[in-house]
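Everything on this sheet refers to the single structure shown next.
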Amino acid sequence: MYHDKQEVTSNFLGAMWLISITFLSIGYGDMVPHTYCGKGVCLLTGIMGAGCTALVVAVVARKLELTKAEKHVHNFMMDTQLCKRVKNTAANVLRETWLIYKHTKLVKKIDHAKVRKHQRKFLQAIHQLRSVKMEQRKLNDQANTLVDLAKTQNVMYDLVSELQERSEELDKRIGTLEEKLDSVTGSLQALPCLISQAITQQQQEFLQGFLHRFRPASLGSERSERSERSWTSTARRRRSPSTAPHTSSDSG
């Protein structure tokens, strides 16, 4: 299966040594397989070693990685520290500016050594302020990871889809309201005609009822007048034969 330069004989311990250095991807080269079976075993051992190493590294990295909440807490603490450093460096810049103005404008005799000293401190304070601001920018950039951006994109997509669905529902409701308003306006336009028809119908019914009430009274008065006329005519007829003979005897 294998051999070394010192001895050609093989044993179990030598095979375990070859498997172990191949599995760990070390490969000293002191033992080399020559048979096809030995080469295949070494190849499979190397593949298994690489896969196991990748799995171990991934698991350890996953365990050592901070969670989302821990990342937010860490970024918050770092941001507070950087804000304090920015304030301190800005205060140093203002202090050195005031000292330079003091040693150049408010004294009778200018001490150039002190002025240069404060100028150097002023430049150092400006450099520190710029470096702290750069660290603050880097922290803000690192806070937005690709995973957070993907989650934010998903959340925004869900919100946009929900807003689109609500807008479509509102459009449907507005369409139904427009149809109802059209029907209401049509009914309002037809309302005067309906009111006039109802009023004319009520007037006709009232007139018909009024005529039905007063028609029997007029018929009774006509009948009474007819009866009176017939009675007077009969009375006249009765009186006329009784009076005729008397007039004839008187004349005789």
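The values are calculated or read from the model by the stated rules, or taken from the named source; none is laboratory data. Quick caveat, the model's predicted, so the values are computed rather than measured. Because the Cβ atoms are built from the backbone with ideal geometry, glycine has one as well, and the counts that use them run over all protein chains shown. Quick note on the areas: whole protein, heavy atoms, side chains included, nothing else; ligands and nucleic acids left out. Shrake-Rupley method; radii C 1.70, N 1.55, O 1.52, S 1.80 Å.
So here's what we get for this one:
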| quantity | calculated |
| --- | --- |
| Residues satisfying the stated conditions in segment 65-103, i.e. open to solvent by less than 100 Å² (accessible area, probe 1.4 Å), at pLDDT 90 or above and hydroxyl-bearing (S, T, Y) | T80, T89, T97 |
| Search result, residues across segment 28-70 that are acidic (D, E) and more than 29 Å from F12 (Cβ to Cβ) | E65, E70 |
| Residue among T185, T152 that alone is open to solvent by less than 90 Å² (accessible area, probe 1.4 Å) and modelled with pLDDT under 85 | T152 |
| Scope segment 125-146; condition in contact (Cβ under 8 Å) with a residue 12 or more places away in the chain and farther than 25 Å from L66 by Cβ; matching residues | A125, I126, Q128, L129 |
| Tally of residues being of a type in the set (A, V, I, L, M, F, W, C), closer than 30 Å to K68 by Cβ and open to solvent by less than 100 Å² (accessible area, probe 1.4 Å) across segment 157-182 | 2 |
| Number of the condition not met by V107 [criteria: (1) open to solvent by less than 100 Å² (accessible area, probe 1.4 Å); (2) in contact (Cβ under 8 Å) with a residue 12 or more places away in the chain] | (2) |
| Every residue from segment 57-68 that is of a type outside the set (D, E, K, R) and either touching a Lys or Arg at 6+ places or on another chain (Cβ under 8 Å) or under 13 Å from A143 (Cβ atoms) (or both) | L66 |
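Per-residue answers, yes or no, for (1) more than 30 Å from K133 (Cα to Cα); (2) touching a Ser or Thr at 6+ places or on another chain (Cβ under 6 Å):
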position	(1), (2)
G38	yes, no
G46	yes, yes
V60	yes, no
L66	no, no
W98	no, no
